[in-house]
Structure formats: structure tokens, C-alpha cells
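A short worksheet on the structure shown next.
What follows is calculated from the coordinates using simple rules that are stated; it is not laboratory data. Worth saying up front: this structure is predicted, and the values here are computed from it rather than measured. Cβ sites come from the backbone with ideal geometry, for glycine too, and all protein chains shown count toward neighbours.
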């Protein structure tokens with residue numbers, strides 16, 4: 001499955017996890033969590049390290065991305081990610097021209113995180 005088919009779901013998943021300021025995660029923890037959620041939505045699917053790196057770069061990109069105020073913290077040699085602005089949400093931003101929709105996917109992701 002092409003990654004663009006999962007893109008909107010991945011962005012929503014990242015948005016939910018980045019909001020967890022009380023529990024920031026490392027890159028590899030994000031990869032595990034995103035893959036767990038992707039598996040719930042797209043059975044048998046997962047993403048690779050490079051896809052998550054590109055998603056995070058797009059999430060931060062001020063010109064062509066979502067301009068997210070994503071900060072990193074160093075904790076015992078591990079880089080932890082979280083939004084530095086608690087009011088920021090990917091869902092509040094305008095969609096990028098290349099975004100594709102996955103009907104119902106965000107609801108599945110949000111419900112599984114509550």
C-alpha cells in the first residue's frame with residue numbers, strides 16, 4: 001500500500017501523540033505506537049523509519065507543511081518529542097494540496113486513544 005494512502009491517518013495519530021506533553025516519546029516509541037495504530041486501521045500494514053522521519057519533517061515544515069511547534073527534550077541522552085504549544089492541532093490546520101482522506105480513520109484512532 002502506498003504511504004500516501006495512510007498519510008492522513010498517520011498525521012492524525014502523530015497529532016494525538018504529540019499532544020501528550022506529560023508523556024513525550026522517543027522517535028522509536030513513536031514508530032512503535034504509530035505502527036500499532038496503523039495496524040488497527042490497515043490490517044497487516046506498517047511504516048518504516050524513513051516514513052516517520054518525513055512525517056515529522058512535514059509536521060514541522062513552516063512553508064510546505066503544518067508548521068507545528070514541535071519541540072524536543074533531551075532526557076538521559078534520549079530525544080523526546082512533544083508539541084510546545086498545547087493549543088496546536090494538525091486538525092485545525094488547512095489541508096495540504098496532496099492530502100488524501102481516509103473516511104472514518106480519525107474516529108478509529110481517536111476512539112482507540114481514549
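Taking every alpha-carbon pair under 8 Å whose residues sit at least 6 apart, segment 3-85 reaches a relative contact order of 31 percent.
Counting other C-beta atoms within 10 Å, which of 25, 76 has the fewest, and how do the rest follow?
Result, fewest neighbours first: 76, 25.
Can you bin segment 3-85 into rounded, prolate or oblate? Criterion: square roots of the alpha carbon gyration tensor eigenvalues sorted a ≥ b ≥ c, rounded for a/c under 1.5, prolate for a/b above b/c, oblate for the rest.
oblate
Determine, for 16, 47, the number of other Cβ atoms within 10 Å of each Cβ, and report the residues in order from fewest to most.
With the fewest neighbours first, 16, 47 line up as 47, 16.
Roughly how far apart, in whole Å, are the Cα centres of segment 6-26 and segment 42-81? Segment 6-26 and segment 42-81 have Cα centres separated by 9 Å. Set the Förster distance to 30 Å, then compute FRET efficiency between residue 61 and residue 32 from the Cβ-Cβ distance, nearest 0.05. About 0.80, to the nearest 0.05.
Neighbour counts of other Cβ atoms within 10 Å put 43, 84 in the fewest-to-most order 43, 84.
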